[in-house]
Each structure stands twice: as C-alpha cells, then as structure tokens.
Amino acid sequence: MFNGTHRERDLADELANHMALEIEENVRKGISPEEARRQAMIKSGGLEPAKEMYRDRRGVPIVESTLQDLRYGVRALLQNPTFSIVAVVTLALGIGANTAIFSVVKAVLLNQLPYRNPERLVALGESDDDSKRAETIGYATAYDLRRLSHSFDGMSLYRDGSGAIFERGEAEKITGLRVNYDFFNTLGIPMYLGRAFLPEEDRPDRRHEIILSYGLWNRRFGGDKSIISRTIRLNDSSYTVVGVLPANFRTLEIQDAGGTPEMFMPLGYDLSLPYACRDCQHLHLVGRVKSGVTLTEAHAELNTIMSALVKQYPDSYPKTAKVAMEPLQDHLVGSVRTALWVLLGAVGFVLLIACANVANLMLARATRRTKEIALRVALGAGRRRLVRQLLTESLVLAFAGGMAGIALAWAGTSALSRLAPAEVPRLSEVHLDLVVLLFGLGASMFTGLLFGLAPALRLSHVDLNYALKDVGKSTDSRSGFGLRSVLVTVELILAFTLVTGAGLLGKSFLNLLNVDPGYDPHHVLTLSTYVYGTRYQKAEAELGYYEQVMERLRATPGIESVGMSSLLPLASFDRAALHIRDRHPASPAETPSADRYAVSADYFSVMKIPLRRGRLFDRQDQRNSPLVALVSENCARQIFRGEDPIGRQIQMGGRNDKQPWATIVGIVGDVRQYGADQPARSAAYLLQSQDLSYNFFLVARTGGDPARMESAVRGVFASVDPTLPVFRVQPMEAYVSSSLAERSFTLLLLALFGLLALSLAAVGIYGLTSYAVSLRTREVGIRMALGAARSDVLALVLRQGAWLTAAGLGLGLIASLALSRLLGSLLFEVKPADAATSIAAVLLLAVVSLAACYIPARRAASVDPMIALRYE
C-alpha cells in the first residue's frame, strides 16, 4: 500500500530521474560525486519529497522494503527478455535434472521401507567369510538361530512358492512366497481383511491356507470382501483364503520368484524334511532386532551362536562359517546405491555449471549496469542496500528457473520411471512429492544466492568517479574478467569430469557387449512352463507332455530347433553340491558345487553351446537308460583338477551311494550364467528325461524375429494342454538386455549429463571469449592499424582461449580421478585411471572449447580498424 497516488509516484520518479541526470552532468564537468549529489539535492529540494511518496502504512519507506525490491527485480528482468530467457532456461535444465534424479534417490535410497520400525529390520544369511551381503541360509541353521538368539523380536524364513490358477478357460501362473507364520508380524504388516497364518498352519502336513495381495484380490476376485474363508483351486489343490494384504504393502522379492509375489502360503518346514538339512542353503531370513539392542550387538550374538554350531556340527559347516547381516533396506537397494549416488553427483555438477554460466551472464550484465549502480550510490543507497537489491533480482531469476525446472522434473520423473530397468527396487514409489518439490525450490534459491552473490558484491564496490565520468570503463570491466575466467575454468573442470566418467562407463559397456557368454542369444524365443496336477504325477506323463510340445513345435514353420532346460542363463539359478563317486571329502563343507541343469538332448544345438570333448546327449540316452551327464570346461578344470572327467561318475545334491550315479560323457563350453560381468562357474548337465524335478524353460531357435513366433508357440502349448500356464514368453536377447539394464541406464543418464555439461561449458567459454574480444576491440584496431594480419589477431584470441582450456582440462584431469574411483564398482575390465579415456576426453573438450573460441576470434579478426579505434 502506498500513501501516494499513481500520479504522485510518477512525479516522484521524474524527480529522482532529474536528480540523477543533474548528478551525472556535474560529474562530467569535474565536480566530485559528493558535491554533485549535494548540489542536486539543494536544487531539487532534497530527496524527502520523493521518499514520502513511497511509504507504507507503517511509515517505512518502500525503498527499504522487500516488496519494492521484488517489483524492481521483476521489472528489470522483463526489460531484458533475452538475458532472462537464457538464464531461466539454463537454470531450469540444471534444477530440473537435479530434482528428477533426487526423486529417484529419495524413493529408492532415502525413504524408509513401508514396515513398522524398518530401521530394526535386517536380512540374514550364511557366509564363510567376512562378507556383509546376506544371501541364503539352511533351515536347520535358521531354526537354531531363532531358538538360541535373545536379540530379536522375531525371525522369519521365506522362499519362492508359485502356483497356477485355471478359471474361465484361462490358466495363469501366480508368483508367490512360502513364509513362516510370523512373517507379516516380523515385518509389522496388519491384514486389510482376515488374519495372518497361525503357528499350527505352518507345518508340512497342513499348508492349505493362502493370503492374497491386494492387487491379486482385485484382479482375479473383483475385490469381493466375502473372499475370507472361501476355497480356491491352486495347482489342483484346495486352499482357504484367510487374509488379504493392504494396498500399500510392498513385499520382499527374491530373484528366483520370477516376478512380484502376489500370494503367500505357509512355509511348512520342520527338521524331519530332507531339504531342511544344514547344508541346503535355499531359504531367505529376515529378522527384527529388539528395541534397545544395537545392530552390532545382535550381529555379535549371532556369530557367537554360529561358532558354537560349527563346533557342534563340524561336518556341516566350513570352519570359517559366519552369519552375514545387513539392514534390510541396504539388502534391497544395495545393487543400485552406488549408481544412484553417482548420478546425483553428476547432476549436481550440471547445476554448478549452470550456475557458473548464469553468474557469467550476471557479471556481463553488471558491467553494463555500472552507471546505474553509481547513480544509486550517488542518490544515497548504501552497500548493504545495493547487495540486497541485486540478490533479490538473482532470487527472482532463480525462482523463475526453479519453477521451470520443476515442470521439467515432472516430465523427467515420468521418463525416468519408464526408462529405468525393472530391476531397480521401489521404482513404483518414484514421484514428485512435497519433499521433492521443496528440494527443487530450495535448490533454485541456493543457486540464486550462488550465482548472484559475486555480481552483487562486485557492483556494490563501484567507483563513482570512474563510473559517472565513463572513465576507466575498460579497467572496471577487466577487473571482472578474472572472475569470469575462474568460473569458466570451473565449468571445464566439471564438464571434463562428467565426460570422463561417461567415457569410462561407455568403454565398460562396450567391453560387456563383446564378452562371449558361451551361447548365442540371437533368434531364440524362450518361455517358462508350469506343470502341475495329479495327471502329471507320473514321470512318463510329464515327459510325454514335453515331448509332444517339442514335436509339434519342430513342425511349426519358422522354428528351426527346440530344446528345454531347467535353468536359463540370466533367468534362474540352481547351484548344488557335486559329488564324485571315488572321492570322499573330509566334510560336506569341502564338497564342490556346480550349477545344475536338466536339459533335453537338443538344448545345446539350440543355444549353440559348443562341445569340447566327448559327446553330447543323443537318442540312445533314454529315461530308463544308464544316467549320463555333461560338465563344463570350468568344472573339468577346477573340480577335477586336470584329471580327465569323461567316464567319471557324479551325483548332484545330496550324496546317496545306494542311488544310481551319472556317468560323464562329454565336456561343453562355459556359460556365463550370472551375467556378462560375472565369470563362468562350474556347471553340470543332466538329461531332462532322467531328472524331471523341475519346471522347465523352452528355447526355440527361429528363422527370423523370435517375437513374431509367440502366438504360434502359445497355440501349440494350448493345443496340448490348455490348463497349464505358459508365461515369460520373450526373446533370449531380452534377458541379455535386462542383465545390462542397470548399467545401460546409468550410462545413458551420465552421458546425457556429460553432453549437457559440455554444451553449457562451450556456451560459457564462447561468452567469455566474446566478452574478452569486446574489451580488446580498441587494442585490436591499433594492432591492425600498425600492420597486424588477420591471422595474427585470430591467433591472439585463440591463444587466450587455449590457455583457459588448458587450465580447465589440467585441473579436470585431477578431479576426474576422484570420480573414477567412485565408479570402480560400475566398471568392467576398465581401470579408473584409463589413459585412453582421459586422452579422448581431453581431445573432445579441447576441440569443443577452441571451436567455441573460434567464432568470436574470427569476428575480431574481421573488425574494421577505423571502427575499432572509435570503439568505446
């Protein structure tokens, strides 16, 4: 609110402008600024009439109020739209990228898990070293830990437990978990409907109860609230629904489950079961540490118990056996933690480069505003007042950039959710919530202070004599050139660091693509089968189903060959003990292990896994024939230790000398089962018809695009038995892409940020060189008037840019080494200090920087000497 009318305020503006002109004219005549200000005040009757027109209701002059600062700041930016648009767009790119990445980091790494007191939850597993990674555990070991530990409110086991539903002529495989009765209580999850499992239901002779996820309840049963106590058919067996989980429940997932679990059944284990042995590590264990007990104390107690178990059962554990324990959140997100922090740091670099660019723009603008600021000082404005006004303008600019950045972040977050691999945990929780929005606004305000402080402080030290006389313009401008050079050098350092990081990841990715996986994934269609029911209890019936399907598929146009396997590279894992008949290890802990496959005879030809020695499975090998096996090269080399494995006899899993042994008839090539970045491990292959203990994958080599054969393949399975589900139908290359998805996602974003940083740095050095050329226009004119050639002028300007580039790249090389060490876990067969990558980054930035310098240099070389000599 103002005391004066619009007309009165206009008169006050005219008075202030008139005084400013009087002061400027008197200074030009040689009168000191102080005397010129005094004479102007006497002539105009003082400044009080103007100030009185700008008082609010409290009597405080508006010239001292924030509202006036804001209004003036907005007006100043609107009067220079080109500058404002460039600055806002630059800030929006930096703030938008930071906000989008922060939304992912917050959802995946910073948000607490949606369980009761999640900081007390830990994942537990067995380990024979000091590894902190908790993987799997045996039932007997977990049973003893639960029984003997006093540091936990609860421990609960879980494993995969899928099943099939056939309703309305449609078969569907439902991914699920088998869990201890106290699983949901351990996590701290109440039921939406019904109840959790009871202790008496968690027994081998029971296990006829089921709990549904909220999504499955809605999708398959229409959200019917009378579902509790209703019987449903699963795998040809009856299960009673006892509970429905809440919609916000996020279950623990395991890689072997093959998807997000949607149903839960009792684990149903006890010590009498053969697969409840101490060396059968196929279960997962989660625990809740008691309040008042530290995680370190709880871990120490478990290892004490484990040491006692090793002494009690020396044949069942390695001598170095320990309990691995890690916070549940770290367990779930550990694989992506480093990559996300690296990306957040990278976008932070981009924001700093954006700030440096805007700061350079502000410094250039400040040079043009020197006379304006001098007049303000002459009118009585103090240094603090000027700094506040200039910072307010910066904050207004930053706020505009922040709003535009948040809009970009909204679109960027949606794009990240679509582009990010499904392997990134908690991806569905990524969104722009209040905290993320506040982060974006906070970042914009911080950047406003960051890029506005230097120009504000510099302008607040304006020299009235030089400014108002238009004397020393060059000197004043050159004083700001050093600061602008420092900012551009910082931009080059940050850009070089990002480009080097992207180069290292890119080289690692190329190395991964060139790794021989041991098989040919091209033109191979894969799918999973799920055989269940009483009609397939006999092995002959199940085998007949597989053989009938494969026979029909071989006759299908477009399919060249067909095979089946219990394991698929990158898709599933089954590691078991490998026993050699004539060897008797001192303890089970010393028994070697291998990946166990059950495959059809044609599997190797479909996957193009080469035979190294001996023979493959053939038609003479039948279900009732002597058991046969194949081993990988790695298995022959490491387990048989240079001996010829062909003709030796092995068993997989538990050793039983009363059962038949499989004779090794051949050695095949190694397969990288766990990923291109993981070395091939020992593997043993049994014949499918002689080992039907699994659900199988089908692999079909096609003559063209395998995706086009999906409908035909599904039709063949449905024609043999429509009640059995077929799922995960996809090309083998999809598994390969999925295994590289996290790396490719990180590479894509880091390369994008590196490109953005490089572009901003190029703009920055272009602007600085143009500014330097404008300062030296008179000098260039004199040089050319004295006979300097255009090439000399061109070299003069480029030399200045080259020195600046060299300084930035030299310091950037040092800074990039620190980032490279952080990228160590993401690199594959590339050293963090890779010379070739660093040289490539140096050449790239040098070319871009010199190209940015060339345009203003060429303009300087083309200047007319007569015009340059008259230049002010």
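Which one is nearest to Tyr143 (Cα to Cα), of the residues in the stretch 163-194 that are under 37 Å from the mean Cα position of the chain (by Cα) and open to solvent by 50 Å² or more (accessible area, probe 1.4 Å)?
Ranking the candidates gives Tyr181 first.
Scan the stretch 846-861 for residues that are open to solvent by 70 Å² or more (accessible area, probe 1.4 Å) and modelled with pLDDT under 80 and jot them down.
Tyr854, Ile855, Arg858, Arg859 - these are the residues of the stretch 846-861 that are open to solvent by 70 Å² or more (accessible area, probe 1.4 Å) and modelled with pLDDT under 80.
Only one of (1) more than 15 Å from Gly669 (Cα to Cα); (2) in a helix (DSSP H, G or I); (3) open to solvent by less than 10 Å² (accessible area, probe 1.4 Å) fails for Leu578. Which number is that?
Just one mismatch for Leu578, condition (2).
What residue, of Leu568, Leu510, Leu525, is free of Cβ contacts under 8 Å to residues at least 12 places away in the same chain and within 33 Å of the chain's Cα centre (by Cα)?
Step by step, each of Leu568, Leu510, Leu525 is checked, and only Leu510 is free of Cβ contacts under 8 Å to residues at least 12 places away in the same chain and within 33 Å of the chain's Cα centre (by Cα).
Out of all the residues in the stretch 799-845, which are crowded, with 17+ Cβ neighbours inside 10 Å and without any contact (Cβ under 8 Å) to a residue 60 or more places away in the chain?
Residues satisfying the conditions are Gln800, Gly801.
Cβ contacts < 7 Å: first residue farther than 13 Å from Ile210 by Cα, restricted to the stretch 171-197; second residue surrounded by fewer than 19 Cβ atoms within 10 Å (Cβ to Cβ) and charged (D, E, K, R), any location; separation 6+ or different chain. Result?
Taking only residues 6 or more apart or on different chains, the pairs are Gly188/Arg116.
When the stretch 107-130 is examined, which residues are found to be open to solvent by 30 Å² or more (accessible area, probe 1.4 Å) and in a loop (DSSP other than H, G, I, E, B)?
Once the filter is applied, which keeps residues that are open to solvent by 30 Å² or more (accessible area, probe 1.4 Å) and in a loop (DSSP other than H, G, I, E, B), the stretch 107-130 yields Asn111, Gln112, Pro114, Arg116, Asn117, Asp128, Asp129, Asp130.
Hey, among Ile95, Ile85, which residue is aliphatic (A, V, I, L, M) and crowded, with 23+ Cβ neighbours inside 10 Å?
The conditions single out Ile95.
Anything in the stretch 251-265 that is crowded, with 18+ Cβ neighbours inside 10 Å and touching a Pro at 6+ places or on another chain (Cβ under 7 Å)? List them, or say none.
Across the stretch 251-265, the qualifying residue is only Thr251.
Please determine, by comparing only the residues of the stretch 131-157 that are among the hydroxyl-bearing types (Ser, Thr, Tyr) and open to solvent by 10 Å² or more (accessible area, probe 1.4 Å), which one is farthest from Asp315 (Cα to Cα).
The qualifying residue farthest from Asp315 (Cα to Cα) is Ser151.
Listed here are the residues, each with its yes/no results for (1) outside any strand (DSSP E or B); (2) aromatic (Phe, Trp, Tyr); (3) open to solvent by 20 Å² or more (accessible area, probe 1.4 Å); (4) at pLDDT 85 or above.
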residue	(1), (2), (3), (4)
Pro204	yes, no, yes, yes
Arg207	yes, no, yes, no
Ile211	no, no, no, yes
Arg220	yes, no, yes, yes
Ser229	yes, no, yes, yes
Arg233	no, no, yes, yes
Tyr239	no, yes, yes, yes
Val242	no, no, no, yes
Phe249	yes, yes, yes, yes
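Is it true that Ser528 is open to solvent by less than 20 Å² (accessible area, probe 1.4 Å), modelled with pLDDT of 80 or more and either at negative phi or assigned to a helix (DSSP H, G or I) (or both)?
yes
Within the bounds of the stretch 759-768, is there any residue that is farther than 30 Å from Gly503 by Cβ, modelled with pLDDT of 80 or more and open to solvent by 50 Å² or more (accessible area, probe 1.4 Å)?
No, the stretch 759-768 has no match at all.
If you take the residues of the stretch 641-688 that are open to solvent by 10 Å² or more (accessible area, probe 1.4 Å) and among the small types (Gly, Ala, Ser), which of them is nearest to the chain's Cα centre (by Cα)?
Among those residues, the one meeting the criterion is Ala676.
The values are calculated or read from the model by the stated rules, or taken from the named source; none is laboratory data. The structure presented is a predicted model; accordingly, all values stated were derived computationally and were not measured. Quick reminder, even Gly has a Cβ in these numbers, built from the backbone with ideal geometry, and neighbours come from all protein chains shown. We work out accessible area using only protein heavy atoms, side chains counted, and drop any ligands, DNA or RNA first. Shrake-Rupley method; radii C 1.70, N 1.55, O 1.52, S 1.80 Å.
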